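The values are calculated or read from the model by the stated rules, or taken from the named source; none is laboratory data. Since the model is a prediction, treat every value here as computed from it, not as a measurement. Reconstructed Cβ throughout: ideal geometry from the backbone, glycine too, with neighbour counts over all protein chains shown. Ligands, DNA and RNA are stripped out before the accessible areas are found, and what is left, the full protein with its side chains, is counted by its heavy atoms. Shrake-Rupley method; radii C 1.70, N 1.55, O 1.52, S 1.80 Å.
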Amino acid sequence: MDKRQPVLELDHVSFTYPGTEQPVLQDVSLKLQKGDFAAVIGSNGSGKSTLCKTFNGLIPHYYTGDFGGEVKWNGESAAGQSVSELSRRMGYVYQDFENQLVRPTVLDDVCFTPLNYGLADYKERGRRALELTGLVGLEGKYIWQLSGGQKHLLALAGALAMDPEVLVIDEPVAQLDPQHARQIYDILRRLNEEQGKTIVVIEHHAEFIAEYCRTVILMDGGSLRWHKPVREALSSVEELLALGIYPPDVTRAAWLLRPGNRTGAHYPLGSREGAGCFIRRRPPEQAEASAATAAAPAETALSAAEKRADRMVRLDGVKLSYRTIHKTLQPVLNGISLELYSGESVALIGNNGAGKSSLMKLIAGIVQPTEGSAEVKGILVNGLPPERLAGIAAYVFQNPEDMFIDDCVRKEIAYYLKARRLSDAEETVERMLHAFRLGGLAERDARLLSGGQQRRVSLAIGAAVRPAVMLLDEPTANLDICAKQEMARVLHTLRSHVETVVIATHDMALAAEWASRIIVMNGGRIIADGSKEEIFTDGRLLRRAGLAETQLMELSRMLGLPRICSSLEEFAAYAEWREGGADHGGSRQAGA
């Protein structure tokens, strides 16, 4: 046990929100050592964010309720210290980080907090934070001109401007493409290793935890279940899976394929480790057939004649520009020509700012092309109001709550049906409640549901009008891995209600497992269009588009497997555990 003085200590902390009987934190005792890089994990509702809000006094000073226990900083009680005082010691980047950006320009925003504290060197602090986060040169840019990744970095810079001892980041890679996600974590690693900052991340992506973190804190039902070194933590595969938490794919593959007693075993955490633990084998015919079935797209390719008859969307030389505050035009789409067909499941992938959302909004008639033409089911979209297209092309926003306007789920689904005066509105509502497993939530306010439940409601709203084309913007954003798996099942449900489904996503596993066609965008252009095998075997293409292989894809390539695997079932059909494969230990991540 480490005998050093912890930088932060929770001693039997409990907390219950007003009006509820069940505590959201129950007798939590935790010691966070200086210089740790800790990940807080747990299923939705386990108390992860609530736990971290006790660190800087948001609980109990801002969020009132029944609070018990004690929080200590460097051995001294935090009782009596305000949120303002504690926030000088701890920086916090929230999941909805854009709400932390409060000033019009980059430099104004990063200097805002130290200026509010009356620090004379506020500009020097701000510029130093911009340098740490790689935002030098953007000082005069307006916030709205930044990409999603740059906004996230600016929120981080704002927290760093106070030079805190501890930095907490809630979902560091939510809504970011893989390359921007890695950029965030590389910065956190430098802050941890070079400046000695104590880093805490609330994270669902086990691959990032495995590569960057030192320890893992597991929350379960408001209680702290354990605090372990990262390899020991992520090797607890059976325990984590029982809680709906998914260790890295490579770790689960080793657990699945490794013979003998699994208790206390340490498994590989990354692809390079995994490459030394697995060997390629020629699968028996049954496994070969199973893998081929799992890998095959759900729909067969259409002939040229069928394509002409079943064409749902046709874009011809489409360009889209937005007018900036300086009256200049900012190009977003640069000459897109594209056809989509009935029965297709299409994934749009690419880096932040590639134009994915703009392309879908254009198909739905929410924005109009600057040049070129767009047709949906033979109807010219140019200039047509979006409400005229509502029954043909439905766009589901990245933030589900943007679609909620009534006081319960049933009324949310019914609203659009009644607005269009459809005679079978009530029957359709019941059908959607059943299809999307919302029956038990029908009378609940959609705004108060979990992220995964809100996603299901938004999809039910869109599917209820039975559009020909349904367009979903980041359907798995901000969901834990268990909820993402549920959302993949919901997307399959859509196939029986909608002719063509298009999603924009950074989730490469979802794209590989669900889509029959993958379109890669970069810089407002389509740079590739093909099958999973065509797209994910091209490393240069993925890097150009700001994307990355999943662990199983990378491991498939490293082992020379006959196909790129996107699921454990596929991988298990082509690989087996190497006899004599050793336990892993002694790596940087293994120690607390």
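When you count, for each residue, the other Cβ atoms within 10 Å and take the mean per peptide, how do 455-468, 265-278 rank with the highest first?
455-468, 265-278
Put simply, the convex hull of the Cα atoms in the range 40-89 casts, on average, a shadow of 4.0 nm². Ordering Leu329, Val110, Thr198 by Cα displacement along the dipole of the chain toward the positive end leaves Leu329 in first place; charges were set at the Cβ atoms of Lys, Arg (+1) and Asp, Glu (-1). The lysines within cross-link reach of Lys327, meaning a Cα-to-Cα straight distance under 17 Å and a gap of 8 or more places when in the same chain, are Lys141. Calculated on C-alpha atoms, the gyration radius of the range 478-546 divided by its Kirkwood radius gives an Rg/Rh of 0.99. Computed over the alpha carbons of the range 1-57, Rg followed by Dmax gives 12.7, 40 Å.
Dipole size of the range 17-107 about its Cα centre, with +1 on Lys/Arg Cβ and -1 on Asp/Glu Cβ: approximately 340 debye, rounded to the nearest 20. With N as its number of residues, the range 354-403 has a Cα radius of gyration that, divided by 2.2 N^0.38 Å, comes to 1.12.
Among bridges DSSP assigns within the chain, what percent are antiparallel (round to 5)? Of those bridges, close to 55 percent are antiparallel. Multiplying the residue separation of His492 and Glu194 by 0.36 nm and removing their Cα-Cα distance gives an extension gain of 102.6 nm. Using only the Cα atoms of the chain, each taken as one equal point scatterer with no solvent, compute I(q) by the Debye sum, divide by I(0), and report log10 of the ratio at q = 0.08 Å⁻¹. Per q value, in the given order, log10 I(q)/I(0) is -0.61. With the Kirkwood sum run over all distinct C-alpha pairs, the range 378-438 has a hydrodynamic radius of 13.2 Å.
Kindly flag which residue pairs out of Lys34/Lys484; Lys31/Lys123; Lys34/Lys228 have an alpha-carbon separation exceeding 23 Å in this structure. Each step should come with its number before you reach the end.
Details: Lys34/Lys484 34 Å; Lys31/Lys123 34 Å; Lys34/Lys228 16 Å.
Over 23 Å apart, Cα to Cα: Lys34/Lys484; Lys31/Lys123.
Across the chain, the relative contact order, built from alpha-carbon pairs under 8 Å that are at least six residues apart, equals 16 percent. Cross-linked pairs Lys151/Lys356; Lys319/Lys356; Lys377/Lys411: Cα-Cα separations exceed 24 Å for Lys377/Lys411.
In the distance distribution for the range 129-232, Cα-Cα pairs more than 24 Å apart total 27 percent. Taking Cα centre as origin and charging only the Cβ of basic (Lys, Arg, +1) and acidic (Asp, Glu, -1) residues, the dipole magnitude of the chain rounds to 1060 debye.
Sorted largest first, the spans of the alpha carbon positions of the range 307-374 along the three principal axes are 45, 24, 18 Å.
Computed across the range 1-119, the Kirkwood radius stands at 15.9 Å (inverse of mean 1/r, all Cα pairs). With a simple spin-label model that places each label point 7 Å from the Cα along the Cα-to-Cβ direction, the separation between Glu401 and Asp96 comes to 0.3 nm. Pairs of Cα atoms nearer than 8 Å and 6+ residues apart set the relative contact order; for the range 179-285 it is 20 percent. Straight-distance candidates among the aspartates and glutamates for linking to Lys361, with alpha-carbon spacing under 17 Å and chain neighbours fewer than 8 residues away dropped: Asp316, Glu339, Glu371, Glu375, Glu387, Asp402, Asp473, Glu474. In plain terms, the C-alpha convex hull of the range 185-278 casts an average shadow of 6.7 nm² when viewed from every direction. Solvent-accessible area of the range 328-458 (1.4 angstrom probe, protein heavy atoms only): carbon and sulfur portion equals 48 percent. Counting every pair of alpha carbons in the range 49-161, the share spaced more than 20 Å apart comes to 45 percent. Only the Cβ atoms of Lys and Arg (+1) and of Asp and Glu (-1) were treated as charged; on that basis the dipole of the range 315-452 about its Cα centre amounts to roughly 340 debye.
Report Rg/Rh for the range 380-511, rounded to two decimals, where Rg is the Cα radius of gyration and Rh the Kirkwood radius.
Reported Rg/Rh, Kirkwood definition of Rh: 0.94.
For the chain, the residue among His266, Ala463, Ala161 whose Cα projects farthest onto the positive side of the dipole built from Cβ charges is Ala161. Rounded to the nearest angstrom and listed largest first, the equivalent-ellipsoid semi-axes of the range 442-497 from its Cα gyration tensor are 18, 15, 9.
Length gain on complete extension for the stretch Leu338 to Thr20, per 0.36 nm per residue less the alpha carbon to alpha carbon distance?
The span from Leu338 to Thr20 would gain 109.2 nm if fully extended.
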